[in-house]
Amino acid sequence: MRVILIGPPGVGKGTQAALLGGRKGVPSLSSGEIFRREIEAQTDLGRMAQRYISHGELVPNGVTIEMMAKRLRDPEIRRSGFILDGFPRTVRQADSLQEILADLGLPLQRVYSLYAPDELIVSRLSGRMGCTKCGAIYHSLSKPSTREGYCDVCNSPIVVRTDDQPDTIRERLRIFREETAPVIEFYEELGLTRVIDASRDAEEVYKDILSELE
Ligand code: AMP
């Protein structure tokens, strides 16, 4: 499987990537998650990325492309394929991704464009929490963890992301429209985009993607 999940923040890309990856044994590559790990490990890349992420801005294309190219060139990814979650987010990133994949001989199969109304996105993001270790996603109302504050999967602390604050959420939505919506058109022109209504339950969305993929 070689697919991209694209859509505004909070639309459920991470949840779908985990469901699809779990079922098919295909690793998901989340650029946001990789940045968060770098931030936690306090690497140079993490410190640099943090300045942008905390304001809801995009990390510059150059470093983002380099970071993702390195992951995609991993032999394991060549064998198993990938689910890209959160990358590419600009047309420049999409162009570079085409070059990297052509070089590896791994053409994209599908790009799923997930959409949901803004009000739903804001309410989903407002209660969202993520595991600091394995990245599992929870929601204070719709999907609380069994033991408050700790992950059901690996028992590590779960936290609200610093960029899930109302002002930052609005900025991320604005950037999505400006920078990332054109990426959906880019793949539409290549005949790869399939539009998915992600305002429904995660399980229903997942079934839709799966049946389209198969
Ligand atoms: P996410 O977890 O996908 O919502 O990403 C969190 C944040 O990481 C984003 O708001 C951006 O600041 C940064 N980020 C993630 N992916 C990218 C990307 N492809 N290009 C630039 N910045 C990114």
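The values are calculated or read from the model by the stated rules, or taken from the named source; none is laboratory data. On a predicted model such as this, the values are computed, not experimentally measured, just so you know. Virtual Cβ from ideal backbone geometry, glycine too; neighbours counted across all protein chains shown. These area figures cover heavy atoms from the full protein model, side chains too; ligands, DNA and RNA do not enter into them. Shrake-Rupley method; radii C 1.70, N 1.55, O 1.52, S 1.80 Å.
Assorted remarks:
- Lys, Arg +1 and Asp, Glu -1 on Cβ, resulting dipole of the stretch 1-87 about Cα centre, debye, nearest 20: 340
- Whether the chain is rounded, prolate or oblate, judged on the alpha carbon gyration tensor where a/c under 1.5 counts as rounded: rounded
- Whether the stretch 102-154 is rounded, prolate or oblate, judged on the alpha carbon gyration tensor where a/c under 1.5 counts as rounded: oblate
- Within the accessible area of the chain, the carbon and sulfur atoms contribute 50%, probe 1.4 Å, all protein chains present.
- The base-10 log of I(q)/I(0) for the stretch 52-124, evaluated at q = 0.13, 0.26 Å⁻¹, reads -0.48, -1.29 [Debye formula, identical scatterers on Cα atoms, solvent excluded].
- Inter-part distance where the stretch 146-181 and the stretch 43-96 are each reduced to a Cα centre, Å: 18
- Accessible area per residue, Å², the chain with all protein chains present, probe 1.4 Å: 51
- Loop-resident sites, the stretch 52-89, for trypsin sites (Lys or Arg not before Pro), counting at most 15 other Cβ within 10 Å (DSSP): Arg73
- Net +/- balance of residues flanking Ala181 in space, Cβ distance below 14 Å, scoring K and R +1, D and E -1: -2
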